[in-house]
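To keep things clear, I will list the structure first and then write my remarks on it.
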Amino acid sequence: MSDIVKIVRTVHDLRKITAEWRDRGHTIGLVPTMGALHAGHISLVKQAKKKTDRAVVSIFVNPTQFAPNEDLSRYPRDEAGDLKKLLDADTDLVWAPNVAEMYPEGFSTSVRAGSTAKDLEGAFRPHHFDGVTTVCAKLFNQVTPNVAFFGEKDFQQFTVLRQMVRDLDIPVKLIGVPTKRDADGLALSSRNAYLSEAERKIAPALYAVISALAAEVAAGADIPSAVTAAKRKLASAGFAKVDYLEVRDAETLDPAATASGRPLRVLAACWLGKTRLIDNVAV
Ligand code: PAF
């Protein structure tokens with residue numbers, strides 16, 4: 001086995017390799033990432049290795065999904081560390097274009113995300129999902145995967161992309177992979193690197209609170225009162241601000257006023273100091 005992972009930086013080179021794989025009848029799995037890889041990403045690569053013949057990981061910090069006030073320049077980057085982890089995970093190819101390759105001079109088309117993008121994250125991060133759908137549509141066209149793997153930690157993102165693929169007849173199957181957590185329950189995220197030691201101790205309360213809320217809803221609790229009580233628990237745990245804490249239909253993301261028998265999801269976003277954490281669990 002080689003001791004460096006194959007890294008490709010131009011669409012031209014990528015197409016040559018993927019065309020050859022397809023000619024040989026190999027299936028392709030894509031794991032789209034923005035780098036700063038952790039065990040959650042590696043679990044996606046493992047799924048790609050298991051379910052397809054060739055595992056491609058894209059690393060691209062996508063500027064179009066960050067608002068001007070967001071953390072694009074602060075976003076953690078560690079290409080050398082990422083490549084080592086991807087080599088260890090037996091990745092077949094790393095697709096790592098630069099911004100000019102992804103968005104060449106004159107680029108001006110975008111994919112507008114559908115109805116599942118309109119609130120939750122969409123309400124706090126306008127245009128975020130349009131950036132995600134645009135870059136993922138490009139990644140799907142560039143890599144032509146049979147299957148693409150996404151972490152359920154970004155549950156709304158997964159739902160928005162599933163809607164895009166369905167609406168635009170993009171021939172790729174999307175698989176959502178359960179969230180990887182630290183032993184204390186905190187969902188793995190590249191943004192956890194921003195937490196101070198004291199904030200890191202508080203952070204697992206998010207998972208504890210949304211899990212308890214999901215259990216209460218499953219047991220038939222009144223959703224609005226259970227949500228209000230859960231928000232109070234987050235505040236007393238030390239979360240400065242809750243952007244949202246909601247119980248939603250797991251497919252449409254429409255608000256769920258009662259446990260109707262349809263699958264539901266609890267989704268939350270809140271702030272610890274300057275760091276915004278998101279998490280979700282099934283009811
Ligand atoms: O989840 C992410 O890391 C990004 O939103 C994605 C899907 C790679 C698109 O840039």
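Overview of values
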read-out: Filter pass, residue 72 being within 15 Å of the ligand (Cβ to nearest atom), surrounded by fewer than 16 Cβ atoms within 10 Å (Cβ to Cβ) and within 17 Å of the chain's Cα centre (by Cα); value: yes
read-out: Unique residue being within 13 Å of the ligand (Cβ to nearest atom), out of contact with any strand residue (DSSP E or B) (no Cβ under 7 Å at 6 or more places or on another chain) and assigned to a loop (DSSP other than H, G, I, E, B) when the list is 111, 132; value: 111
read-out: Qualifying positions in segment 228-283 - under 17 Å from residue 187 (Cα atoms), small (Gly, Ala, Ser) and either surrounded by fewer than 16 Cβ atoms within 10 Å (Cβ to Cβ) or at pLDDT below 95 (or both); value: 282
read-out: Selection from segment 48-66 of residues that are within 15 Å of the ligand (Cβ to nearest atom), part of a helix (DSSP H, G or I) and not hydrophobic (A, V, I, L, M, F, W, C); value: 63, 64, 65
read-out: Residue, surrounded by the fewest Cβ atoms within 10 Å (Cβ to Cβ), within segment 1-30, restricted to residues that are in a helix (DSSP H, G or I) and among the basic types (Lys, Arg); value: 16
read-out: Qualifying position, being within 23 Å of the chain's Cα centre (by Cα) and among the small types (Gly, Ala, Ser), among 185, 261, 238; value: 185
read-out: Near pairs, Cβ below 8 angstrom, 6+ apart or cross-chain, from segment 122-140 (surrounded by 18 or more Cβ atoms within 10 Å (Cβ to Cβ)) to any residue that is at pLDDT 95 or above and of a type in the set (D, E, K, R); value: 128/121; 129/121; 130/112; 133/112
read-out: Lone unmet requirement of (1) within 16 Å of the ligand (Cβ to nearest atom); (2) free of Cβ contacts under 8 Å to residues at least 12 places away in the same chain for residue 100; value: (1)
read-out: Selected residue (only one of 105, 121, 70 is farther than 24 Å from residue 159 by Cα and out of contact with any Pro (no Cβ under 7 Å at 6 or more places or on another chain)); value: 105
read-out: Residue within segment 143-150 that is modelled with pLDDT of 95 or more, away from the ligand (no atom under 11 Å from the Cβ), under 21 Å from residue 9 (Cα atoms) and in a helix (DSSP H, G or I) present; value: yes
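The values are calculated or read from the model by the stated rules, or taken from the named source; none is laboratory data. Computed from a predicted structure; not experimentally measured. Please note: Cβ atoms are built from the backbone with ideal geometry, for glycine as well, and neighbour counts cover all protein chains shown.
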